[in-house]
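Chemist: Sharing a structure, written as structure tokens. Questions coming.
Read-outs throughout are calculated quantities, based only on the coordinates presented, and are distinct from any laboratory measurement. The structure displayed is predicted, hence computed values, not measured ones. Using ideal geometry, Cβ is built from the backbone for each residue, glycine included, and neighbour counts are taken over all protein chains shown.
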Ligand code: GDP
């Protein structure tokens, strides 16, 4: 069939999950920031790396910005969902946001590949990717293909495996 020139990937998750740190590894060198500060409010970050066009934002702020971020769902071809594996308290919030995403009319009927980064795997309190899979209920997702990678966004460990899967899945 016709292969799209560009694959639109949205990178989402709660604040502090490690999105900015992950993006910094994926960014072309010139755009790489020296310092990453935690994102506040509704910041959207966009850049291209090879055939992938990334759009990233936080799902936080009591849903105040929900209509702004949902606007990006329609054109996305793939989703990267980042979770802080060490944040047991907010895993339920991460699941609620994931469920809201999966139920959205621009996402629900489409067979979009979902890549999960179970990030901060280096922390001693981090849950395994198997545990994160259970807590997010990933096995029960319908009409979606998914892959989960434990990652350490500081060293970059686990990121290229995930991106390789996503690239082939989105083609
Ligand atoms: P964002 O709000 O989702 O963009 O999260 P950031 O990328 O700003 O990361 C939030 C904090 O977690 C920062 O202090 C990062 O240095 C730290 N962090 C991100 N990824 C990892 C990781 O894999 N391991 C550890 N130990 N810390 C991480």
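Chemist: Arranged by the count of other C-beta atoms within 10 angstrom, fewest first, what order do 97, 157 take? Numbers along the way, then the final one.
Modeler: Working: 97 21, 157 15.
Neighbour counts put them in this order, fewest first: 157, 97.
Chemist: So how much slack lies between residue 99 and residue 86, counting 0.36 nm per residue of separation and subtracting their Cα-Cα distance, in nm?
Modeler: 2.7 nm
Chemist: Once you order the gyration tensor axes a ≥ b ≥ c over the Cα atoms, which shape class does the range 54-111 get: rounded for a/c under 1.5, otherwise prolate or oblate by comparing a/b with b/c? Walk me through the numbers on the way to the answer.
Modeler: Working: a/c = 1.72, a/b = 1.52, b/c = 1.13.
Note, shape of the range 54-111 comes out prolate.
Chemist: Could you pull out which residues in the range 141-169 have an amide N less than 11 Å from a spot 7 Å beyond the Cα of residue 122, following the Cα-Cβ vector?
Modeler: Only 152-157 fall inside the zone, counting backbone N under 11 Å.
Chemist: Let me ask something else about it. How do 59, 134 line up, fewest other C-beta atoms within 10 Å first?
Modeler: Ascending number of Cβ neighbours within 10 Å: 134, 59.
Chemist: So if each residue of separation counts as 0.36 nm, and I subtract the Cα-Cα distance between residue 133 and residue 171, what length gain in nm does that give? Don't skip to the end; give the middle numbers.
Modeler: Values: separation 38, 0.36 × 38 = 13.68 nm, distance 2.43 nm.
Gain on extension, residue 133 to residue 171, equals 11.3 nm.
Chemist: With labels modelled as points extended 7 Å from the Cα through the Cβ direction, what inter-label distance (nm, one decimal) is found for residue 46 paired with residue 67?
Modeler: So the label points at residue 46 and residue 67 sit 2.0 nm apart.
Chemist: List 133, 21 from most exposed to least, where exposure is judged by having the fewest other Cβ atoms within 10 Å.
Modeler: 133, 21
Chemist: What percent do you get for the relative contact order of the chain when only Cα pairs under 8 Å and 6+ apart count? Walk me through the numbers on the way to the answer.
Modeler: On the way: 288 pairs, mean separation 41.2, N = 171.
It comes to 24 percent, rounded to a whole number.
Chemist: Once you have a ≥ b ≥ c as the square roots of the Cα gyration tensor eigenvalues for the range 7-170, tell me rounded if a/c is under 1.5, and otherwise prolate or oblate according to whether a/b is larger than b/c. Present the calculation step by step, with values, prior to reporting the outcome.
Modeler: Details: a/c = 1.19, a/b = 1.05, b/c = 1.14.
Cα axes put the range 7-170 in the rounded bin.
Chemist: Further, regarding this structure: To the nearest 500 deg cm²/dmol, what mean residue ellipticity at 222 nm is calculated for the chain from DSSP H runs of n ≥ 4 alone, each contributing -39,500 (n - 2.57), summed and divided by the residues? Intermediate results must be reported in sequence, preceding the final value.
Modeler: Values: 5 runs with 46 residues, N = 171.
One gets -7500 deg cm²/dmol as the mean residue ellipticity at 222 nm.
Chemist: Have a look at the DSSP beta bridges in the chain and tell me what percent are antiparallel, nearest 5.
Modeler: Details: 6 of 28 bridges.
Antiparallel bridges make up about 20 percent of those DSSP assigns within the chain.
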